[in-house]
């Protein structure tokens, strides 16, 4: 089955635009929150696309019981460099419901910025698999 990464590409582009604007206005909470929201759905798409690509590659479902397993398998396939970094991104994504806390919001915002180039690499690698 062919993977259509168009929606993933659009999500990454949306995150990139938000990061660019937020970095130009570092004290704008609304822009920070926009980055966090776009990070949230881009991260969700990331693991879903890894999962689909692994299925297409014939990786057994039993090898992928958790998100950590998913990221490890993605690293084995060469789609991501360091699964532990992706564990951190996923943990940050799970904190997005607590962004009313300024420290948590700032932490998630920083992870979103770090995630952006890695999500681009993942998308490129998945496109190579197609």
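The values are calculated or read from the model by the stated rules, or taken from the named source; none is laboratory data. Values in this document were obtained by computation on a predicted structure and should not be read as measured data. Ideal geometry is used to build each Cβ from the backbone, glycine not excepted, and the neighbour counts take in all protein chains shown.
Search the range 97-126 for residues being exposed (fewer than 15 other Cβ atoms within 10 Å of the Cβ) and outside any helix (DSSP H, G or I), and hand back the single one that is modelled with the lowest pLDDT.
100
Select, from 28, 44, 33, the only residue that is at pLDDT below 95, within 17 Å of the chain's Cα centre (by Cα), closer than 29 Å to residue 105 by Cβ and surrounded by fewer than 20 Cβ atoms within 10 Å (Cβ to Cβ). Spell out the reasoning first.
Values: 28 fails: within 17 Å of the chain's Cα centre (by Cα); 44 fails: at pLDDT below 95.
Residue meeting the stated conditions: 33.
Out of all the residues in the range 44-75, which are under 19 Å from residue 2 (Cβ atoms) and without any contact (Cβ under 8 Å) to a residue 60 or more places away in the chain?
45, 48, 51, 52, 54, 55, 58, 59, 74
For a quick check of your reading of the model, give me the residue pairs whose first member lies in the range 1-30 and is more than 24 Å from residue 128 (Cα to Cα), whose second is outside any helix (DSSP H, G or I), with beta-carbon atoms closer than 9 Å and at least 6 apart or on different chains.
Correct list of pairs: 21/28; 22/28.
For the range 47-68, which positions are surrounded by fewer than 12 Cβ atoms within 10 Å (Cβ to Cβ) and more than 22 Å from residue 124 (Cβ to Cβ)?
Across the range 47-68, the qualifying residues are 60, 61, 62, 65, 66.
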